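I have placed the structure first, in the form of structure tokens, so that the comments after it can refer back to it.
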Amino acid sequence: MKSVRIRRINLQQKQININDEFISSLVEEGQPVILENTENLDMTENWTVERLCEKMKDCNLSIHKGGNLTLDFRTKNFEYANKYPAADFLREVASGKVRYLRSTGARRKDLPDFEKDYPTLSSDLNLFKPERTHSQILRISPKDLEIWLHYDTLDNFLTQTVGEKEVLLFNPKDAANLYLDGDKSECIGLISNLKENLERFPKLFQTTAFREVIKPGDVLFIPALWFHCTKANNFSVSINTFFKSLPDKMYGKDLYGNRDPLPVEDATKHLQKAIIALKQLPPTYQHFYFHKLGISAASLSDNNNSK
């Protein structure tokens, strides 16, 4: 596995303003970038655990609760706990218990909106918001908590406000070497257990890992479809801002920012019909035409298993 550093841009040094034109340039380039000196922290240096308890005293949260600091969405090694008092959650996180907040909307069907959902916190920040923002998500985690490797179908900015977080990203071109199961990977704990993953998943040696540690005030741009996982180096608070860069007609309803674009969903349906049609032929014909049409052998195998 080749390892490279994520490029950093000092906004004040370069005299760059974050506006829609600048954001469009990042999307077009399609590479992860860390923006420094964004002047977005304002009062967050006062976000101690006790201060956060006071600011969030009226909040009840929906959280991930578990016993393993390396969270795995595929095996669900955690449970969901609803209506969790924010003060209890924050003190448990500070003590190192496996608790994780990926904030949801005020109601089940609402998109998360950090500014509206947490006004006592958002007033301390000067977050920039792209014109076509989809959602803004508050994330809080204890020291050493690691999130599973996955991708999102929306571009997003990850703003680090409290603590440091190690980030690991992979180009979408490395998808074939990341042992995917849907939009998640079988590779769990890539930051904390890289050696074990390399032994178990040898195709990882063919990938390029983009690494860095983000600190308070850093904003990481994660392009759509880039695989990423994070590990908190200490008590961590951050905010994700997901936004749309494709035409609106290509997006369906999506709470979490990971629904495939509608043209992809249409193509998947056509592909499934093509597989069913080819299954009417003898095996020799099936394999020949699967190859000719560029349909992977894995698709044929999956279809056989579903019968």
Q) In nm, to one decimal, how far is the residue 195 label point from the residue 20 one, both placed 7 Å along Cα→Cβ? A) 5.2
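Ranked from highest to lowest mean number of other Cβ atoms within 10 Å per residue, what is the order of the peptides 86-93, 174-181?
On the way: 86-93: 19.6, 174-181: 15.8.
Descending packing order for the listed peptides: 86-93, 174-181.
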Q) Tell me, what is the FRET efficiency for residue 77 and residue 234 to the nearest 0.05, using R0 = 25 angstrom and their Cβ-Cβ distance as r? A) 0.65
Q: Using the Karplus curve 6.51 cos²θ - 1.76 cosθ + 1.60 with θ = phi - 60°, work out ³J(HN,Hα) for each residue of segment 14-22 in order, rounded to whole Hz, and write x for Gly and Pro.
A: 8, 6, 9, 9, 7, 9, 4, 5, 5
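With a 10 Å radius around each residue's Cβ, average the other Cβ atoms per peptide and rank 105-116, 225-236, highest first. Before the final figure, lay out each step's value.
Numbers: 105-116: 14.5, 225-236: 21.1.
Peptide ranking by packing, descending: 225-236, 105-116.
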(Q) Which residues does the label zone of residue 150 cover in segment 87-114, counting backbone N under 11 Å from a point 7 Å along Cα→Cβ? (A) 102
Q.
Tell me the angle of helix 283-292 to the major Cα principal axis of the chain, expressed in degrees between 0 and 90 and rounded to the nearest ten.
A. 50
Q. Residue 237: net charge of surrounding residues, Cβ under 12 Å, Lys/Arg +1, Asp/Glu -1, itself excluded?
A. +1
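Considering all projection directions equally, how large on average is the shadow of the alpha-carbon convex hull of segment 1-143, in square nanometres?
Numbers: hull surface 44.6 nm².
Result: 11.1 nm².
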**Q.** Amide H partners (placed H, <5 Å) of residue 70, local residues excluded
**A.** 146
Q) Using r as the Cβ-Cβ distance of residue 7 and residue 126, and R0 as 25 Å, what FRET efficiency do you calculate, to the nearest 0.05? A) 0.60
**Q.** J(HN,Hα) series, segment 199-210, from Karplus relation 6.51 cos²θ - 1.76 cosθ + 1.60, nearest Hz, glycine and proline x
**A.** 5, 7, 10, x, 5, 4, 4, 8, 9, 10, 9, 9
Q: Pop a pseudo-label 7 angstrom from the Cα along the beta-carbon direction at both residue 215 and residue 60 and give the gap in nm to one decimal.
A: 4.0
(Q) Contact order normalised by length for segment 2-250, with contacts defined as Cα pairs under 8 Å and 6 or more residues apart; what percent is it? (A) 28
Q. How big is the antiparallel share of DSSP beta bridges in segment 1-154, given as a percent to the nearest 5?
A. 65
Q | Acute angle (nearest 10 degrees) that the helix 262-278 long axis makes with the longest principal axis of the chain, alpha-carbon atoms | A | 30
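Laboratory data are not the source of any read-out in this text; all were calculated from the coordinates shown. Since the structure is predicted, the reported quantities are computational estimates derived from the model, not experimental observations. Glycine gets a Cβ as well: all are built from the backbone with ideal geometry, and neighbour counts include every protein chain shown.
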